[in-house]
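The values are calculated or read from the model by the stated rules, or taken from the named source; none is laboratory data. Worth saying up front: this structure is predicted, and the values here are computed from it rather than measured. Here the Cβ positions follow ideal geometry from the backbone for every residue, glycine too, while neighbour counts run over all protein chains shown. Side chains included, ligands, DNA and RNA excluded: accessible areas come from the protein's heavy atoms. Shrake-Rupley method; radii C 1.70, N 1.55, O 1.52, S 1.80 Å.
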Amino acid sequence: PSHKYERWLLTRQPIRPEMLLCIPTVKLFRVQQRHNFSSLAKRFSLTGKLPLDPQTQASLDKDFLPWLERIAGSKITDTLTIGKSTYGRSLFASKVIHAGDCILKVPFNAQITPDELPPDIRVSLADEVGNVGKLAAVLISEKKMGQKSRWVPYISRLPQPAEMHSTIFWGEDEFSMIRCSAVHKETLKQKVQIEKEFSFVAQAYKQHCPMVTEPPDLEDFMYAYALVGSRAWETSKGISLIPFADFMNHDRLSASIFISDEEKQLSEVTADRNYSPGDEVFIKYGEFSNATLMLDFGFTLPYNIHDEVQIQMVVPNDDPLRNMKLGLLWTHHTRTVKDINIFHSSCDSFTIKEVKSAIGKGRGIPQSLRAFARVLSCTIPQELNDLSKEAAQNDGRLARLPLKDRSRELEAHKILLSHINRLIEDHSACIKDMEESKCYFGSQRLVVRRQMARDLLYGELRVLRSAAEWLSHYCTALFTETSLYNSNIPMN
């Protein structure tokens, strides 16, 4: 809840409330369509023209900060200036900046929030569309106002569709490069969600703005949705687009503090390091994997320490104990601070992070995943009943302790190892196909997306191999222990 004395730590807002959950297969009709980026750019451009040449754009950028300060009614920064980097429009130090300096302040009245929707439409969308979709509708409304919109200078500086690389914009051939990753399925899910929210937005405009001659278009909405998802910040207002501040690029090593001050009614950024004039100034969007960066922000990092892999485990349909296992999993589903994975169906999704040591405790492989495998390994009802009793006697969580039957514990982890090895094979095959199909005369867009796919797949492969190495070591240790135990049992 907001309070006038509360200070909020701001983070970039991923498109989705939760990442990569198990989802049913959904038939899409637009997934394999290639987007006509030049026509989309013209439709969304306030002038109907393509981006200006760099020299003209640089000249116009000098007018941006004075315009925003007039909107704000106060000084926003005297240490930053807009420039171009390899990432596009960026912020640079215009004078010496010291760590701890407050480098910019953007008042709430100079930020764009979902509250700017027309009242009737805002009420109509209240329960049907999320904050990202609502803010996307605001962008579309402002765009349709043309030069009458007070946000023209800001909207005209947002990336064009051809400059955006979220996987929701990828063509069929590009998309197939990441078919082995959970990002592939999550992208389809995201497009379904966007289409669903668009249908509510279009209906609301039809109902409350019948005189609008040019109703919202799905591609316009998808573009606006991606802009919001990649640029908006979580604030006390829900989410907000913060002009000028959102020109700052991501640096995973940055520790810059971006807070929303309710008492002062503004958002501010504090430098985490010293900068010399001309240095690009960075901020940290959050600790995101390449999967999240790719889908929500449209870029990846070559070696991302936050990489993770989403995997799904299922209770086979031909398992004689399937119903009993599903019932047990459902009865004992839990959610804790340290382990956010829960049992919720026969198709469960788990997040694996890189395991730093093959001989350690396996930190990075969630306990809930190992528990699921232990349940899968059970072959008789008594083993499941024993797991249920053990959970009741402890903290209620199912199969969190190693199985007393070491051979069964070995079998459970062999199931996991086999599953992860299949994922390793799938990723290796995708990488091989991608590398063998190099296009030496491809467009710059394809070059960028190929590198993104490479960063994603190699990162996930690194995580999977680390998990497989630990599981292999654990299984070997269990096998040795079981063999020694069996060899010491006296023969009758």
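Does region 194-208 include one or more residues that are aliphatic (A, V, I, L, M) and either free of Cβ contacts under 8 Å to residues at least 40 places away in the same chain or open to solvent by 60 Å² or more (accessible area, probe 1.4 Å) (or both)?
Within region 194-208, one or more residues are aliphatic (A, V, I, L, M) and either free of Cβ contacts under 8 Å to residues at least 40 places away in the same chain or open to solvent by 60 Å² or more (accessible area, probe 1.4 Å) (or both).
Rundown of residues vs (1) modelled with pLDDT under 95; (2) over 26 Å from the mean Cα position of the chain (by Cα), yes/no style:
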site	(1), (2)
LEU50	yes, yes
LYS62	yes, yes
ARG89	yes, no
ILE97	no, yes
ASP101	yes, yes
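Within the group GLU174, GLU186, GLU214, which residue is outside any helix (DSSP H, G or I), modelled with pLDDT under 95 and among the charged types (D, E, K, R)?
Only one candidate qualifies: GLU214.
Residue check: is ILE112 assigned by the TED database to the domain that holds ALA245 and either within 18 Å of PHE198 (Cα to Cα) or touching a Ser or Thr at 6+ places or on another chain (Cβ under 6 Å) (or both)?
Criteria not met by ILE112.
Among the residues of region 384-397, are any over 27 Å from LEU326 (Cβ atoms) and either open to solvent by 60 Å² or more (accessible area, probe 1.4 Å) or not assigned by the TED database to the domain that holds CYS180 (or both)?
Checking region 384-397: not a single residue is over 27 Å from LEU326 (Cβ atoms) and either open to solvent by 60 Å² or more (accessible area, probe 1.4 Å) or not assigned by the TED database to the domain that holds CYS180 (or both).
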